[in-house]
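See below for the structure under consideration.
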Amino acid sequence: SRLSYADYSVFRDGVSPMWEDPECAKGGRWIVAVDRFMRRDARSEGQEEALDESWLNVVLSLIGGAAYHDEIRGEDLPVCGGVCSVRKYNCKIALWVGTSEEGLLLKAGKQFRKSLKPLIDYMTNLDNNTSSEEENSRRPARPSVRSKSIQST
């Protein structure tokens, strides 16, 4: 994530990282976009670590294959690959899925979300209503997730 203007991709054997590829053409992608901090400080270091760990998790889940296997059907989910796009002001991690079937999309999306755990924070309402600012300041800085969406082609 320290490199700007770079794209990294990991795709199944025989699948090109292009929407024109027959495996990708009938599907879409799950995307998480994260704004980057411009100043180098502890908060930006935490964000870079979370981005790097999330991308590593996505790559390992794609290579291992077990994360995108449908136990009920006994077959792999139609996941084509993953892309990490690093830019000066934001980063995007995307999972390309080769189907538009809602059930399979949701299963792939849930697995993708697990890979992004370092980026996604769940905060209960009790956490949100703490009376002590000191307590809040001890929490590690987390990057803000700007958008999550599925795009179909």
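Nothing in this text is a laboratory measurement; each read-out follows from the coordinates by a stated rule. Note that the coordinates shown come from a computational prediction; the quantities given were computed from them, not determined experimentally. Cβ atoms come from the backbone with ideal geometry, glycine included; neighbour counts cover every protein chain shown.
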Distance violations [Cα-Cα > 23 Å] among Lys92/Lys117; Lys92/Lys114; Lys26/Lys110; Lys88/Lys114: Lys88/Lys114
Share of Cα-Cα pairs in segment 1-114 lying beyond 17 Å, as whole percent: 55
Unit charges at the beta carbon, dipole of segment 3-113: most positive-side option, Pro22, Val83, His69: Val83
Per-selection Kirkwood Rh - segment 45-101 (Cα, Å, 1 d.p.): 12.7
